[in-house]
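A short write-up of the structure that comes next.
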Amino acid sequence: SAKASARGGHVVYNRSMKELLTQRHQLEIDLRQALKDEALSLYFQPSISAATGRISSFEALARWRHPMHGFISPAVFIAVAEETGLIGDLGRWAMREACSAAKDWPEDIRVAVNLSPVQLREPGLVAMVAAALDAAGLPARRLEIEITEQMLLDNSEHNHHVLQSLKDLGVSIAMDDFGTGYSSLNYLHAFPFDRVKVDQAFVAKLGQGSRHTALVRAVVDLARSFGMATTAEGVETAEQRDILMGLGCTDIQGYFYARPMPVSDVVTFITHWSEKETVAA
Ligand code: C2E
Ligand code: MG
Ligand code: MG
Ligand code: MG
């Protein structure tokens, strides 16, 4: 009957919702445990300076190998962390690990750490960053913080104040994934960003028509006119790299140069990279 099927539909709906919530809840429990057990790791992906061909920075990217499900995408577990308040612990862990890794690298190579807009609400954020730098003995100028442009990054007095306090420490600030959010231009104008990271969605379309090139050119030119550097994310081909260099993009990041690598591979990568440079010179 209609009544039964409606009820049936209702039951099915409820069950799948419940399963979803249970999965989320289980992920939360597992993530909490992983943070306790130090079962997360950081991978690092280089950005290459367009002008010099040298490594300008490595971005720290969190990795979680779940005991049952294998690697879980940060897109998933960062979201879980943001929703459950675990992002504070995760963020502190990432900041400490990244700063301490960077301490072993050459002076002119920075480390970039992703910060969730949710973390901007934590009262102790600036002190947490200062403490991580301090514990590692890393000069603040070697740290760059990447903040994803989201609805959450509201243009509030509070956020202004926090970003300015981070800059006052000597840290630089990048806007991540530029162009995909809701009011990119508004944020760019309002906050004192040092760098704009052009979202990989725009980079992926380079070479597929002049309109795509025009869009990226506009972003690079706008950033430059604001005195901001630019990094193109997700660069996978020589053609994309060449177009971006032609547009005057400051730094290039993507699989074309290197995939994110475990921290144990970074120093070897740096050594090989500078040997290649010496040969090329
Ligand atoms: P994101 O900061 O924009 O990082 C860039 C993402 O693009 C990374 O994905 C990276 O592995 C991937 N990628 C780099 N080059 C290429 C390429 O050439 N092609 C393609 N297709 N992809 C490329 P990943 O590592 O899965 O991280 C996803 C997002 O998770 C990051 O985006 C960042 O927003 C977030 N995330 C990662 N680690 C952390 C963390 O420690 N804290 C916070 N708050 N967020 C993090
Ligand atoms: Mg990033
Ligand atoms: Mg990005
Ligand atoms: Mg992203």
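Assorted remarks:
- From 259, 241, 224, residue being of a type in the set (Lys, Arg) and under 24 Å from residue 191 (Cα atoms): 224
Per-residue answers, yes or no, for (1) of a type in the set (Lys, Arg); (2) surrounded by 17 or more Cβ atoms within 10 Å (Cβ to Cβ); (3) more than 30 Å from residue 218 (Cβ to Cβ); (4) more than 15 Å from the chain's Cα centre (by Cα):
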position	(1), (2), (3), (4)
70	no, no, yes, yes
83	no, no, yes, yes
104	no, no, yes, yes
111	no, yes, no, no
117	no, yes, no, no
131	no, no, yes, yes
160	no, no, no, yes
167	yes, yes, no, yes
179	no, yes, no, no
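- Among the residues of segment 185-200, those identified as more than 10 Å from ligand 1 (Cβ to nearest atom) and closer than 21 Å to residue 243 by Cβ are 195, 196, 198.
- Any hit, segment 128-136, residues being at pLDDT below 95 and among the charged types (D, E, K, R): no
- Candidates are the residues of segment 272-281 that are small (Gly, Ala, Ser) and not in a loop (DSSP other than H, G, I, E, B); the one that is surrounded by the fewest Cβ atoms within 10 Å (Cβ to Cβ) is 280.
- Evaluating residue 123 against the criteria (1) part of a loop (DSSP other than H, G, I, E, B); (2) within 16 Å of ligand 3 (Cβ to nearest atom) leaves one unmet condition, (2).
- Residues in segment 184-210 that are at pLDDT below 95 and basic (Lys, Arg): none.
- Candidates are the residues of segment 149-178 that are among the hydroxyl-bearing types (Ser, Thr, Tyr) and at pLDDT 85 or above; the one that is farthest from residue 195 (Cα to Cα) is 165.
- Whichever residue in segment 228-238 is in a loop (DSSP other than H, G, I, E, B) and within 14 Å of the chain's Cα centre (by Cα) and, among such residues, is nearest to residue 255 (Cα to Cα): 234
- Residues of segment 181-227 satisfying the condition of being more than 16 Å from ligand 4 (Cβ to nearest atom), assigned to a helix (DSSP H, G or I), small (Gly, Ala, Ser) and surrounded by fewer than 17 Cβ atoms within 10 Å (Cβ to Cβ): 190, 210, 214, 218, 225
Per-residue answers, yes or no, for (1) in contact (Cβ under 8 Å) with a residue 60 or more places away in the chain; (2) under 15 Å from residue 179 (Cβ atoms); (3) touching a His at 6+ places or on another chain (Cβ under 6 Å):
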position: 217; (1), (2), (3): no, yes, no
position: 222; (1), (2), (3): no, yes, no
position: 237; (1), (2), (3): no, no, no
position: 243; (1), (2), (3): no, no, no
position: 246; (1), (2), (3): no, no, no
position: 259; (1), (2), (3): yes, no, no
position: 262; (1), (2), (3): yes, no, no
position: 267; (1), (2), (3): yes, no, no
position: 270; (1), (2), (3): yes, no, no
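- Within segment 239-253, the set of residues being open to solvent by 70 Å² or more (accessible area, probe 1.4 Å) and in a loop (DSSP other than H, G, I, E, B) is empty.
- Residues that are out of contact with any helix residue (DSSP H, G or I) (no Cβ under 9 Å at 6 or more places or on another chain) and either over 30 Å from residue 220 (Cα atoms) or assigned to a strand (DSSP E or B) (or both) within segment 254-271 comprise 262, 264, 265, 267, 268, 271, listed in sequence order.
- Scan of segment 183-208 for residues that are away from ligand 2 (no atom under 14 Å from the Cβ) and in contact with a Phe, Trp or Tyr (Cβ under 9 Å, 6 or more places away or on another chain), ordered by number: 184, 187, 188, 189, 202
The values are calculated or read from the model by the stated rules, or taken from the named source; none is laboratory data. Just so you know, these numbers come straight off a predicted model, no measurement behind them. As a convention, Cβ positions derive from the backbone with ideal geometry for all residues, glycine included, and neighbour counts pool all protein chains shown. Accessible surface areas use protein heavy atoms only, side chains included; no ligands, DNA or RNA. Shrake-Rupley method; radii C 1.70, N 1.55, O 1.52, S 1.80 Å.
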